[in-house]
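Encoded as structure tokens, the structure appears first; notes follow it.
The values are calculated or read from the model by the stated rules, or taken from the named source; none is laboratory data. Values in this document were obtained by computation on a predicted structure and should not be read as measured data. Neighbour counts run over all protein chains shown; Cβ positions are idealised from the backbone, glycine included. Note: areas computed on protein heavy atoms with side chains; ligands, DNA, RNA excluded. Shrake-Rupley method; radii C 1.70, N 1.55, O 1.52, S 1.80 Å.
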Amino acid sequence: MLLVLDGNSLLHRAYHAGVLEGITAPDGSPVWALRGLIGHLARAAGHLRPDAVLVGFDCPESSARRTRFPGYKAHRPDKPADLTAQLLAAPPLLTDAGVCTVVPPAYEADDVLASGAALARAAGWESVLMTSDRDAFALIDDTTSVLRVRNGGFDEAVLIDADGLPGLYGVRPAQYRDFAALRGDPSDNLPGVRRFGATTAKKLLTAFGTVEAAWDAPEADLRAAVGDQAATHFIAATARETIERNRSLMSMRHDLDLPALADARLPLDYLTMRQALRARGINLGPSLWALVGGAPPPPAADGEPPADEMPELRPWTFRGGLTARRDPTPGQLALF
């Protein structure tokens, strides 16, 4: 199994969590988000036991999507300097630690997720895509699951497969891109079709299966499915333009030139990894066990969990349910 991480989204998540804020390297540079990213990687590896690991990052220099649509992510404010510094430091740090890392020219970590899933599928492997970005749901299939990390409603990580997605959003993975295109994505500055939120988008796709089928359906059937106002906006020419733009920008590349799976194989060299991390002021040991071929740390006492090197990240331990007290929905795998 190949574990593919969205480095940008997870580093952002660790940065804004704030629990490690203020931790710096010997030279004074910030490292708390880097430490959190390594923590996410180590914990996921410990629970999933992958055969190989790949981490992708957005290209910091250019964007093919912004070239096609200048408004793409254009509304986002400038990143804080300490976040930018850690985003730039993450790929070389992981590479020095022996972690297979990809920064695709002009493309994003999402494209590494999609291409990594395709690489695994072609080799007869399964893959798990770890991210906080919902766009990855469109990549779920019989061999590909998404390990989603977020706070708020889902305050813990959940592993979502093809059976679990309908329970969360009411659509199948193959419908998710249409669902997202209808609804839009404010975080990427991509408006959706007017009168179409998640509920109305789900109604349309439940009734017709695809956007194309809805466009071809009798107008009376469309109005019965989503209501007069939503139907009127949906059949307008501007809606077609919006949906086609969104689907194009939300589509991820499955054909990036990635390293071979052999180059991403675990275990990593323990001394190389620790030396690279220590050089940045990140001191981790036993928690790296699954990445370096070690054994899980022994329980502190009968019935107690193993000692946690990063107790400040406990809210992010992987429990696999919607909350710590609820069972996973069908298609979600309990991890803890």
Complete set of residues in the range 282-298 that are under 19 Å from residue 23 (Cβ atoms), part of a loop (DSSP other than H, G, I, E, B) and in contact (Cβ under 8 Å) with a residue 60 or more places away in the chain: 282, 284
Which residues, counting only those in the range 156-184, are touching a Leu at 6+ places or on another chain (Cβ under 9 Å) and either of a type in the set (D, E, K, R) or on the phi > 0 side of the Ramachandran plot (or both)? 156, 161, 170, 172, 178, 184
State yes or no: is residue 138 out of contact with any Leu (no Cβ under 9 Å at 6 or more places or on another chain) and free of Cβ contacts under 8 Å to residues at least 12 places away in the same chain? no
Pairs needed: first member in the range 84-111, at negative phi; second member anywhere, polar (S, T, N, Q) and part of a helix (DSSP H, G or I); C-beta distance under 7 Å; at least 6 residues apart or different chains. 87/8; 97/272; 101/95; 109/8; 109/9
Restrict the check to the range 34-48 and report whether at least one residue is of a type outside the set (Ser, Thr, Tyr), assigned to a loop (DSSP other than H, G, I, E, B) and more than 23 Å from residue 138 (Cα to Cα). no
With the first residue restricted to the range 34-58 and required to be touching a residue at least 40 places away in the same chain (Cβ under 8 Å) and at negative phi, and the second required to be surrounded by fewer than 22 Cβ atoms within 10 Å (Cβ to Cβ) and basic (Lys, Arg), Cβ contacts under 6 Å at 6 or more apart or on different chains are 52/265
Within the range 16-32, identify whether any single residue is open to solvent by 10 Å² or more (accessible area, probe 1.4 Å), among the charged types (D, E, K, R) and within 17 Å of residue 93 (Cβ to Cβ), and answer yes or no. yes
